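Below: the structure, in structure tokens.
The values are calculated or read from the model by the stated rules, or taken from the named source; none is laboratory data. Please read all numbers here as calculations on a predicted model, not as lab measurements. No Cβ is skipped: glycine too gets one built from the backbone with ideal geometry, and neighbour counts run over all protein chains shown.
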Amino acid sequence: MSQENVEVVKAAFDAWNAGDMDRLRDMYNPNIVLHMVPDWPEPGPYAGREAVMREWAQLRETWDADVGEPISFVDVGDRVVVRQMWRGFGRGPEANIEMTIIFKLRQGRVTCQEYFWDHAAALKAVGLEE
């Protein structure tokens with residue numbers, strides 16, 4: 001099951017990078033919870049698929065284009081830890097932000113996303129050490 005979860009997360013990155021927000025929305029459980037890093041401008045948490053999609057729409061308005069570039073995937077059962085570089089460019093300030101996301105999945109859909117600035121802290125949150 002866990003390799004299937006990695007494939008779902010990879011598909012979510014593909015949908016985001018293609019700008020296919022309808023496909024991304026379909027990958028989310030209706031009761032998804034999104035936890036941004038604590039010092040994020042709109043820290044949330046966001047509960048429910050519609051709230052998460054509104055946050056993503058607002059975030060994407062900042063730049064002409066943005067892309068999430070996965071650096072690594074760590075499979076941890078029902079969770080996938082992804083270290084990524086997120087880049088925004090065009091209108092707005094250029095962004096090159098490295099962060100780590102823990103995706104929790106159930107029945108092929110993302111039920112929770114939690115963001116961390118520190119990769120080691122994300123690994124520790126899922127019971128691993130760097």
Per the list (1) closer than 30 Å to GLU129 by Cβ; (2) without any contact (Cβ under 8 Å) to a residue 24 or more places away in the chain; (3) not aromatic (Phe, Trp, Tyr), residue check on GLY68 breaks on (2)
What do you reckon, is ILE32 surrounded by fewer than 17 Cβ atoms within 10 Å (Cβ to Cβ), in contact (Cβ under 8 Å) with a residue 12 or more places away in the chain and out of contact with any His (no Cβ under 6 Å at 6 or more places or on another chain)? no
By my count, strands (runs of 3 or more DSSP E) wholly in the range 50-124 with at least 1 residues that are out of contact with any Gly (no Cβ under 7 Å at 6 or more places or on another chain) and modelled with pLDDT under 95 are 65-76, 79-89, 95-106
Among (1) more than 12 Å from the chain's Cα centre (by Cα); (2) surrounded by fewer than 15 Cβ atoms within 10 Å (Cβ to Cβ); (3) over 18 Å from ASN5 (Cβ atoms), MET85 falls short only on (1)
